[in-house]
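Pasting a structure below so you can have a look.
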Amino acid sequence: MIRVRVKYSGLLGEIVGKSIDELYVEEGITVSKLIEILLSMNNMLLEWYSKLPLILISINNIEIANPDKSHLRDGDIVELSLPLFEGGSSIFP
């Protein structure tokens, strides 16, 4: 097992109700699998993600593009945040 810290930035922290989690997961786990675990742990995150499945992900301050191929190591810090959108007039009249 390895220890991974998950930081929730901005609005995502408000959605999950905290700014950080510390988890022990299988060695070599992918970021995609970590996201599945986080979704199963938090109903608010699952509800939000089911409507808008977009999350920016970085590992140790390096943004990743492919969570299926990104494997975690002991002590990694995974930061999750929402992408920023310009405008939004169709959502907020």
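The values are calculated or read from the model by the stated rules, or taken from the named source; none is laboratory data. In this text the structure is predicted, and so the values were computed from the model without any measurement. Remember, those area values only see protein heavy atoms, side chains included, never the ligands or the DNA or RNA. Shrake-Rupley method; radii C 1.70, N 1.55, O 1.52, S 1.80 Å.
With contacts defined as alpha carbon pairs under 8 Å and 6 or more residues apart, what's the relative contact order of segment 4-91 in percent?
Details: 122 pairs, mean separation 36.4, N = 88.
Computed over segment 4-91, the figure is 41 percent.
Output the antiparallel fraction of DSSP beta bridges having both residues in the chain, as a percent to the nearest 5. Walk me through the intermediate numbers first.
Values: 13 of 17 bridges.
That works out to approximately 75 percent antiparallel.
Something else about it: With a probe of 1.4 Å, find how much accessible area segment 1-83 has per residue, and write the answer as a whole number in Å². Let's see the in-between values first.
On the way: 5040 Å² over 83 residues.
Here the residues of segment 1-83 average 61 Å² of exposed surface.
Further question: How would L52, L38, L11 line up by accessible area, probe 1.4 Å, largest first? All intermediate terms of the calculation are to be shown ahead of the outcome.
On the way: L52 70, L38 5, L11 95 Å².
Heavy-atom accessible area, descending, gives L11, L52, L38.
Can you tell me which aspartates and glutamates have their Cα less than 16 Å from the Cα of K7? Leave out same-chain residues fewer than eight positions away.
Candidates past the 8-residue exclusion: D21, E22, E36, E63, D74, D76, E79.
Please compute one quarter of the surface area of the Cα convex hull for the chain and express it in square nanometres.
6.2 nm²
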